Amino acid sequence: MYNTTQRISKDMMKQYNQKLILRILMKNGATSKSTLAKQTGLTLPAIADIVDKLENYQLIKNIGASKTDRGRFPTLYDIEEKTLKVIGVGITSKHITIGIYNLKGEKLVHQSEDLPHNTSPEPLINKITLVINHLLQKKGFHRSEFLGIGVGMHGIVDYQKGVAIYPPHLDWENVPIKEQLERAIDLPVLVDNDCNALTLAESWFGDAKEENSFIVVNVDYGIGAGIMIDRKIFHGIDFGAGQIGHTIVDGDGPLCTCGNYGCLEALASEASILEQIQKKMKKGFPTILHDVREVPDDIMISDVYEALIKGDALVLNVVEEAARYVGIAVSTLVNIINPEKIILTGSLISNASKETYSSLVDSFAKHALKTNTKKLEVVKSNLMDHTIALGAASQWINELLLGSLSLKREMGINTLSQNM
């Protein structure tokens, strides 16, 4: 009698092994069959079968023989980056960034736009649709080349349903962005919080390829964290994990948009830093920013960062204090989760002076449990350019290599069948 369970089990094992080979190639680059056999514990005939299948799927390619000191030159295989592409959409409090990437995370084209004046869902989705269609037409890409569209956006996101529950800077509530974007562009869509997207980008293309458990802290207009545990994003039961910006770091601090006092975001975000500096300027505190804009309310965060580079005392004092609060909040995460690595990213980190970054690290070291920092690494991200869009695209790469997306190719069509 036909055994359905056995059939499913064999198919699942084939799929698992195929994805394992793809993950190794993504991580290590070009590799021979014999090396793949050693790394996986599979036999050479099994590896040969898997490699043949993946070549037929056009997901890997034979790049020829490598040069060795002696013996035969082994044939190397690598990811075929030209077959499939992914669109990444990053939605922040100020901008939309859209990028097209190959399977290696290499940026093929990108475009950044300011948010439309009207940020309600319909005009924003129309804007995204226009930009994506323009980029596809500009590069001559066909929809059949794409796994799908990934969206990374700030706020609370139900990644399972693709619903933006509450992005505070857009003033949305329970917007089905996945459904609306799929209808507008006719490609499948995955949606998650921007910090979770950043975390996926770091796990595939950044500083966390080797780590199973790590945290990405994004310090920007707002402040948030992405948490990965055992190579899986931790979302929380209500999708609110990582809201480090609303950790109270000063009980006597200012009112936050969430209604509490002394939240990290109210003390250390770019919006907070700008507000603090503008208030001090109005009170007559000396700063070179008085020569930049006549009216303090016209000062922009870019002006602040330029003044920071020039060593302006007022700016340095405010930004160092913000960095100290970030260090306290990061230590709280480390004390609770005990990760292998902390990756710091965002505009404040990329523009931080040596003194500012030292304030953050010193504050963190002072407040974190020593038992939780013996093996911990704290690093700046090396993925600073349009990372949210790359992270958004990485949702599809993660689904392809670790999720339920099938590798089986359809007849003559450059798409993958989807079992989600």
(request) Among the residues of the stretch 224-247, count how many are in contact with a Phe, Trp or Tyr (Cβ under 6 Å, 6 or more places away or on another chain) and either of a type in the set (S, T, N, Q) or assigned to a loop (DSSP other than H, G, I, E, B) (or both). (result) 1
(request) Determine, yes or no, whether Leu255 is buried (at least 19 other Cβ atoms within 10 Å of the Cβ) and over 22 Å from Ala307 (Cα atoms). (result) no
(message) Given the criterion at negative phi and part of a helix (DSSP H, G or I), identify the matching residue among Thr129, Thr119, Thr83.
(response) Thr129
(message) Only one of Trp172, Trp204 is farther than 30 Å from Lys104 by Cβ, of a type in the set (Phe, Trp, Tyr) and outside any strand (DSSP E or B). Can you tell me which?
(response) Trp172
(request) Taking only the stretch 137-155 into account, find how many residues are surrounded by fewer than 20 Cβ atoms within 10 Å (Cβ to Cβ), touching a strand residue (DSSP E or B) at 6+ places or on another chain (Cβ under 8 Å) and not aromatic (Phe, Trp, Tyr). (result) 3
(message) I need a count of the residues in the stretch 289-315 that are hydrophobic (A, V, I, L, M, F, W, C), crowded, with 17+ Cβ neighbours inside 10 Å and within 29 Å of Gly242 (Cβ to Cβ).
(response) 4
(request) Could you figure out which of (1) over 27 Å from Ala197 (Cα atoms); (2) assigned to a helix (DSSP H, G or I); (3) not basic (Lys, Arg) isn't true of Val326? (result) (1)
(message) Please count how many residues of the stretch 328-355 are under 19 Å from Gly224 (Cα atoms) and either among the aromatic types (Phe, Trp, Tyr) or surrounded by fewer than 22 Cβ atoms within 10 Å (Cβ to Cβ) (or both).
(response) 15
(request) Could you please tell me which pairs satisfy a Cβ distance under 9 Å, a separation of 6+ or placement on different chains, a first residue in the stretch 258-281 that is at positive phi, and a second residue that is crowded, with 21+ Cβ neighbours inside 10 Å and at pLDDT below 95? (result) Gly262/Val249
(request) Please specify each residue of the stretch 93-143 satisfying the condition of being in contact with a His (Cβ under 9 Å, 6 or more places away or on another chain) and of a type in the set (Asp, Glu). (result) Glu113, Asp114
(message) Take residues that are modelled with pLDDT of 70 or more and either among the aliphatic types (A, V, I, L, M) or surrounded by 13 or more Cβ atoms within 10 Å (Cβ to Cβ) (or both) and tell me which of the strands (runs of 3 or more DSSP E) falling wholly in the stretch 360-420 contain 2 or more.
(response) 377-380, 405-409
(message) If Asp250 satisfies all but one of (1) of a type outside the set (A, V, I, L, M); (2) without any contact (Cβ under 8 Å) to a residue 40 or more places away in the chain; (3) assigned to a loop (DSSP other than H, G, I, E, B), what's the number of the condition it fails?
(response) (2)
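Conditions tested, residue by residue: (1) touching a residue at least 60 places away in the same chain (Cβ under 8 Å); (2) in contact with an Asp or Glu (Cβ under 9 Å, 6 or more places away or on another chain).
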position	(1), (2)
Gln137	no, no
Glu145	yes, no
Gly150	yes, yes
Pro168	yes, no
Glu179	no, no
Pro188	yes, yes
Glu210	no, yes
Arg231	yes, yes
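The values are calculated or read from the model by the stated rules, or taken from the named source; none is laboratory data. From a predicted model like this one, the values you see are computed outputs, not experimental measurements. Cβ coordinates were reconstructed from backbone atoms using ideal geometry, including for glycine residues, and neighbour counts include every protein chain displayed.
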